[in-house]
1. If only one of 28, 49 is under 21 Å from residue 104 (Cβ atoms), in contact with a strand residue (DSSP E or B) (Cβ under 9 Å, 6 or more places away or on another chain) and buried (at least 17 other Cβ atoms within 10 Å of the Cβ), which one is it?
2. Would you kindly identify the helices (runs of 4 or more DSSP H) lying entirely within the range 74-167 that contain at least 2 residues that are at pLDDT 70 or above and out of contact with any helix residue (DSSP H, G or I) (no Cβ under 6 Å at 6 or more places or on another chain)?
3. Take residue 77 and decide whether it is free of Cβ contacts under 8 Å to residues at least 24 places away in the same chain, farther than 27 Å from residue 3 by Cα and surrounded by 13 or more Cβ atoms within 10 Å (Cβ to Cβ).
4. Looking at the range 62-73, which of the residues that are surrounded by 14 or more Cβ atoms within 10 Å (Cβ to Cβ) and within 17 Å of residue 34 (Cβ to Cβ) is farthest from the chain's Cα centre (by Cα)?
5. May I ask you to list the residues in the range 25-50 that are modelled with pLDDT under 90 and either touching a helix residue (DSSP H, G or I) at 6+ places or on another chain (Cβ under 8 Å) or not assigned by TED's automatic domain parsing to the domain that holds residue 90 (or both)?
6. Scan 49, 17, 21 and give me the residue that is free of Cβ contacts under 8 Å to residues at least 60 places away in the same chain and either closer than 22 Å to residue 88 by Cα or assigned to a strand (DSSP E or B) (or both).
7. Of 60, 32, 3, 67, which residue is free of Cβ contacts under 8 Å to residues at least 60 places away in the same chain, part of a loop (DSSP other than H, G, I, E, B) and more than 18 Å from residue 101 (Cβ to Cβ)?
């Protein structure tokens, strides 16, 4: 059996929310999020989420390890949209500006040991890169696209060169 995840406890209006970061992805306890929303988030309500937005996890809360239904960050926002009411604006702001930054800031920074993802963006395309051991890595399958649309490659066809010479530009 795997080790239980140890969440961070957040409090809003005297209600608790256990949240954790797993592989740089934020997960929130579904029951507690429902309590903050004033709803009972049952299986039927959570079926609206995609399978990657909900997951059972072994979580240690109040000194005991229990299986808990957790929702991802995108799942939490989706629930706020699916079951919209104006009061959720403050809940969304609290999650966005306090809970999630606190989770991410609390994680140990071992960038040399742990790879991180980023995106390089150009006007014509964006490219996922992996940073590991102070080196950027690009997927091999993305290389043909990168070379074909190289924004730094200013080679012209012989026809364009010839037409420029003829026009005197």
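The values are calculated or read from the model by the stated rules, or taken from the named source; none is laboratory data. These numbers come from a predicted model, not from an experiment. In this analysis, Cβ positions are derived from the backbone assuming ideal geometry, glycine residues included, and neighbour counts consider all displayed protein chains.
1. Testing whether each residue is under 21 Å from residue 104 (Cβ atoms), in contact with a strand residue (DSSP E or B) (Cβ under 9 Å, 6 or more places away or on another chain) and buried (at least 17 other Cβ atoms within 10 Å of the Cβ) leaves just 28.
2. Numbers: elements: 88-94, 100-106, 143-148, 158-167.
Because the criterion is at least 2 residues that are at pLDDT 70 or above and out of contact with any helix residue (DSSP H, G or I) (no Cβ under 6 Å at 6 or more places or on another chain), the helices (runs of 4 or more DSSP H) in the range 74-167 that meet it are 88-94, 100-106.
3. Details: free of Cβ contacts under 8 Å to residues at least 24 places away in the same chain: yes; farther than 27 Å from residue 3 by Cα: yes; surrounded by 13 or more Cβ atoms within 10 Å (Cβ to Cβ): yes.
Yes.
4. Taking the range 62-73 as the starting set, the residues that turn out to be surrounded by 14 or more Cβ atoms within 10 Å (Cβ to Cβ) are 65, 68-73.
Cutting the leftovers down to within 17 Å of residue 34 (Cβ to Cβ) gives us 68-73.
On the way: 68: 20, 69: 18, 70: 15, 71: 12, 72: 8, 73: 7 Å.
The selected residue is 68.
5. Result: 39, 40, 41, 45, 46, 48.
6. On the way: 17 fails: free of Cβ contacts under 8 Å to residues at least 60 places away in the same chain; 21 fails: free of Cβ contacts under 8 Å to residues at least 60 places away in the same chain.
Being free of Cβ contacts under 8 Å to residues at least 60 places away in the same chain and either closer than 22 Å to residue 88 by Cα or assigned to a strand (DSSP E or B) (or both) holds for just one of 49, 17, 21, which is 49.
7. Exactly one of 60, 32, 3, 67 is free of Cβ contacts under 8 Å to residues at least 60 places away in the same chain, part of a loop (DSSP other than H, G, I, E, B) and more than 18 Å from residue 101 (Cβ to Cβ), namely 3.
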